[in-house]
1. Rounding to the nearest 20 debye, state how big the charge dipole of the chain is about its Cα centre with +1 on each Lys and Arg Cβ and -1 on each Asp and Glu Cβ.
2. Using DSSP to call loops (not H, G, I, E or B), can you name the trypsin sites (Lys or Arg not before Pro) in segment 75-183 whose Cβ has at most 13 other Cβ atoms within 10 angstrom?
3. Can you flag which of LYS59/LYS124; LYS124/LYS156; LYS86/LYS156; LYS86/LYS124; LYS63/LYS117; LYS86/LYS108 are past 21 Å Cα-Cα?
4. Let's test the formula: R0 of 35 Å, r as the Cβ-Cβ distance of LYS117 and LEU34. What FRET efficiency results, to the nearest 0.05?
5. If exposed means no more than 11 neighbouring beta carbons inside 10 Å and the site is in a DSSP loop, what's the longest run of the chain without any exposed GluC sites (Glu not before Pro)?
6. By the gyration tensor of its Cα atoms, with a ≥ b ≥ c the square roots of the eigenvalues, what is the shape of segment 25-180: rounded for a/c under 1.5, prolate for a/b over b/c, or oblate?
7. Looking at the square roots a ≥ b ≥ c of the eigenvalues of the Cα gyration tensor of segment 48-100, which shape do they give, rounded for a/c under 1.5, prolate if a/b is larger than b/c, or oblate?
8. PRE reach from TYR88 (point 7 Å along Cα→Cβ): which of segment 113-154 fall under 16 Å by backbone N?
Amino acid sequence: MRRLALLAVVPAVAVALAGCGTSETRTRAETEGLYVDVGPLAYQVQISRYLNPGDTEDKYYLKGLPEGTAQAGDGDVWFGVFIRIKNYSDQTQTPASDFMISDTEGNKFQPTALDPKVNDYAFKPRPIPAGQWLPNPSTPAGVNPITGALVLFRLKTADLQNRPLELHISQPGQQEAVVSLDL
């Protein structure tokens, strides 16, 4: 009986020890949900998806577009990337604000700015205190089911076939991280 109990415990201990003591930096994720590192911060794409201006929920995500911005729809779509960032360091850190999506044909897409005074879900590269998250868990973006801050892109519909799409996260002086987006 003891031998059986020991055999059950050994694999669990091995799994627990396998994650200890590693300081490996991860700069590539083959899917959403995995963390990548840019400097001392860990970034996680919670979800990426098309946004429909006619949908009640999505209308809130699209608030604060620059004045005069035409709605997507004739050959292009709104595409939201919801990210979460963790500061594992012991100092306040400022997150990256340089995001870009690329496709397999070399096309590159820059984010569309949202006014953070109007849109509670818009990504704001505010300093993150040691051990804290962005979005702050007490904000609308931190408590909604996605728990991520929105980085909004306008993509050409034809380019959606050039998959995988990849999100590039850059910050001066740091190694770039890349996340393959689920589409």
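Any read-out appearing in this document is the output of simple, stated calculations on the displayed coordinates, not a laboratory observation. Since we're looking at a predicted model, the values are computed, not measured. Positions of Cβ are backbone-derived with ideal geometry, glycine not excepted, and every protein chain shown enters the neighbour counts.
1. 680
2. Details: sites: ARG84, LYS86, LYS108, LYS117, ARG154, LYS156; in loops: LYS117.
Answer in residue order: LYS117.
3. Values: LYS59/LYS124 19 Å; LYS124/LYS156 25 Å; LYS86/LYS156 31 Å; LYS86/LYS124 14 Å; LYS63/LYS117 10 Å; LYS86/LYS108 26 Å.
Those over the limit are LYS124/LYS156; LYS86/LYS156; LYS86/LYS108.
4. Working: r = 32 Å, r/R0 = 0.92.
According to the calculation, E is roughly 0.65.
5. Values: sites that count: GLU24, GLU30, GLU67, GLU105.
Counting at most 11 other Cβ atoms within 10 Å as exposed, the longest clean stretch of the chain is 106-183.
6. On the way: a/c = 1.93, a/b = 1.25, b/c = 1.54.
Oblate, since a/c reaches 1.5 and b/c is not below a/b.
7. Details: a/c = 2.64, a/b = 2.34, b/c = 1.13.
Verdict is prolate for segment 48-100.
8. Zone members listed by number: 130-134.
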